[in-house]
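Presented below is the structure to which this report refers.
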Amino acid sequence: MTNGFLEILLEYINIVFFVFTVVLFTMFTLMGYLSTRNSIHYRNKNSFGEMSKLMASPLAPSITIIAPAYNEGLTIVENIRSLMSLRYVNYEVMVVNDGSKDDTLQKMIDAYDLIKIEQEIDPDWRSKPIRGIYKSPHKAFSKLTVIDKENGGKSDALNTGMALSTNQYVGCIDVDCLLLPDALLHVVKSFYQRSEKQVIAVGGVIRVANSCIIQGGQLEEIKLPTNWLARFQLLEYTRSFILGRMAWGRIDSLLIISGAFGFFDREIALEVGGYDTNTVGEDMEIVFKMRRFMHERKLPYTVEYIPDPLCWTEVPEDTKILINQRDRWARGNLETLFKHKEMFFNPKFGRLGMLSYPYWFFYEWMAPLLEFFGFFTILLFYWLGILNWEFFIAITTAVYVFSVMFSFYAILWDVYSYNEYKKTKDILILMFCAIIEPISFHPLVVWSAVRGNYKKLFKIKSGWGSQVRKGFAKAS
């Protein structure tokens with residue numbers, strides 16, 4: 001009786017894992033196809049037409065770049081210098097000092113000769129109190145505005161910037177990200193290239209800047225990271241941004257824009273209440289809200305995605321910091337999915353409800369949990385002597401080979417599309433990373449996701465965690 005029950009249970013589990021694996025294989029194959037089609041379409045569409053002259057005009061759409069800063073005293077001056085050197089006329093750089101405890105504010109005041117100005121604040125102000133607004137009397141720094149406020153977190157700082165901005169579009173970035181000079185030209189072009197739909201948000205690729213040479217706020221030389229943890233993340237980012245998000249963009253079902261490089265129609269963003277200050281996944285949650293807002297009002301809209309390498313950032317090179325980051329991502333993912341659970345298989349939301357949300361639920365949230373508990377299930381079945389070795393070896397081999405081939409495709413397609421890493425040695429190193437990732441880096445990511453879900457489900461208090469950075473390399 002007991003053996004019969006265990007055999008039936010084992011067969012049931014085998015069927016579940018087999019179906020789950022087949023569905024994932026199908027989805028990722030389709031994802032590769034759609035991303036390729038979208039990349040080719042994007043390249044053809046942008047191979048003609050000169051936008052720089054139009055966008056250099058004072059009549060060009062206005063945009064505010066909002067950059068929250070917390071204890072960034074070591075690099076804040078250089079970061080601002082980079083943001084103020086973009087090739088665009090009608091834009092403002094708004095740095096929100098979110099209650100820094102170091103000399104971030106004083107460094108900005110000294111470097112840009114800032115003075116405190118008087119400005120009326122809405123009496124019903126919902127964000128943390130503002131301590132001062134600073135501008136420079138010098139024309140060279142006229143684009144810069146610094147907001148000094150009490151600490152309220154990244155979401156609160158971004159909401160402050162949105163509320164105080166008067167421009168049509170807002171760009172929400174990390175202050176230590178490096179934007180290429182033409183970044184705003186691509187962004188504004190994306191907002192204006194649609195005629196039948198309103199573009200409510202624009203996202204883009206995040207590139208890994210570890211080991212790259214940065215001089216004077218400019219990217220001088222692109223190098224493959226020397227740190228192995230950063231290399232694995234580069235591979236992961238390549239798959240996610242070049243293939244994954246391009247594919248979702250192809251069918252207009254993108255549900256996340258990276259917090260390091262996201263641009264929004266300010267009016268719509270404020271209409272939905274801005275960023276949620278009660279989640280650590282604010283970048284994902286605001287896209288959910290804005291899409292729901294437009295869907296529920298049956299307004300024609302879209303979210304654009306730019307595959308060009310416009311934004312470069314430093315990724316963690318320390319295991320503890322990486323785990324904290326992925327822990328936070330997992331909690332933010334769960335918070336957003338739960339908050340917008342009405343979308344789950346809801347035909348009212350079209351592809352978002354029937355395809356995008358289920359993908360995030362089953363793959364982004366459930367898959368790491370299945371992997372984690374599946375590992376202990378295998379050990380249990382082995383101990384009980386009922387493990388089907390043929391099935392286990394076959395499905396494990398299939399999953400491993402497919403994951404490696406998918407990574408290979410992402411690497412080669414990135415080389416074909418942008419060729420950032422021109423040395424054959426660098427490509428071979430990335431391919432080696434793809435071969436060993438499933439047994440080295442991936443288990444770390446799975447554990448981080450499990451830890452994040454555990455904290456959230458059992459209401460263990462946890463914030464952003466330490467996000468210490470080393471800083472960009474400089475030319476010698």
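Couple of notes before you dig in:
- Residues in segment 371-419 that are of a type in the set (Asp, Glu) and more than 19 Å from Gly244 (Cα to Cα) were compared, and the one that is surrounded by the fewest Cβ atoms within 10 Å (Cβ to Cβ) is Glu390.
- Hey, Ser127 among the hydroxyl-bearing types (Ser, Thr, Tyr), within 22 Å of Asp283 (Cβ to Cβ) and modelled with pLDDT under 90 or not: yes
One line per residue, one yes/no per condition, for (1) within 17 Å of Tyr275 (Cβ to Cβ); (2) buried (at least 20 other Cβ atoms within 10 Å of the Cβ):
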site: Ser165; (1), (2): yes, yes
site: Cys172; (1), (2): yes, yes
site: Leu180; (1), (2): no, no
site: Ala183; (1), (2): no, yes
site: Phe191; (1), (2): no, yes
site: Arg194; (1), (2): no, no
site: Lys197; (1), (2): no, no
site: Ile200; (1), (2): yes, yes
site: Cys212; (1), (2): no, yes
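- The listed residue being aliphatic (A, V, I, L, M), surrounded by fewer than 22 Cβ atoms within 10 Å (Cβ to Cβ) and either at pLDDT below 95 or in the same structural domain as Pro61 (by TED's automatic domain parsing) (or both), out of Met290, Met284, Met246: Met290
- Residues in segment 125-160 that are of a type in the set (A, V, I, L, M), part of a helix (DSSP H, G or I) and surrounded by 17 or more Cβ atoms within 10 Å (Cβ to Cβ): 2 in all.
- Within segment 330-343, the residues that satisfy the criterion of being surrounded by fewer than 19 Cβ atoms within 10 Å (Cβ to Cβ) and out of contact with any Phe, Trp or Tyr (no Cβ under 8 Å at 6 or more places or on another chain) are Phe338, Lys341, Glu342.
- Unmet criterion (only one of (1) at pLDDT below 95; (2) surrounded by 13 or more Cβ atoms within 10 Å (Cβ to Cβ)) for Lys459: (2)
- Qualifying residue in segment 247-266 (condition: more than 23 Å from Thr160 (Cβ to Cβ), assigned to a loop (DSSP other than H, G, I, E, B) and without any contact (Cβ under 8 Å) to a residue 12 or more places away in the chain): no
- Of the residues examined, Val93 is one that is in contact with a helix residue (DSSP H, G or I) (Cβ under 8 Å, 6 or more places away or on another chain), within 21 Å of Gly216 (Cα to Cα) and either at pLDDT 95 or above or not assigned by TED's automatic domain parsing to the domain that holds Val272 (or both).
- Pair list, Cβ under 8 Å, 6 or more apart: segment 417-434 residue charged (D, E, K, R), other residue surrounded by 15 or more Cβ atoms within 10 Å (Cβ to Cβ) and assigned to a loop (DSSP other than H, G, I, E, B): Glu420/Ile222; Lys423/Leu224; Asp426/Leu224
- Residue under evaluation Ile286, criteria (1) closer than 13 Å to Gly203 by Cα; (2) in contact (Cβ under 8 Å) with a residue 40 or more places away in the chain, criterion not met: (2)
- Summed over segment 6-26, residues that are surrounded by 15 or more Cβ atoms within 10 Å (Cβ to Cβ) and in contact with a Leu (Cβ under 9 Å, 6 or more places away or on another chain) total 3.
- Residues being farther than 25 Å from Glu285 by Cα, touching a strand residue (DSSP E or B) at 6+ places or on another chain (Cβ under 9 Å) and in contact (Cβ under 8 Å) with a residue 12 or more places away in the chain - total across segment 131-168: 13
- Val280 vs. criteria at negative phi, among the β-branched types (Val, Ile, Thr) and part of a loop (DSSP other than H, G, I, E, B): yes
- Boolean, Val272 is among the β-branched types (Val, Ile, Thr), touching a Gly at 6+ places or on another chain (Cβ under 6 Å) and not assigned by TED's automatic domain parsing to the domain that holds Phe408: no
The values are calculated or read from the model by the stated rules, or taken from the named source; none is laboratory data. Worth saying up front: this structure is predicted, and the values here are computed from it rather than measured. Cβ coordinates were reconstructed from backbone atoms using ideal geometry, including for glycine residues, and neighbour counts include every protein chain displayed.
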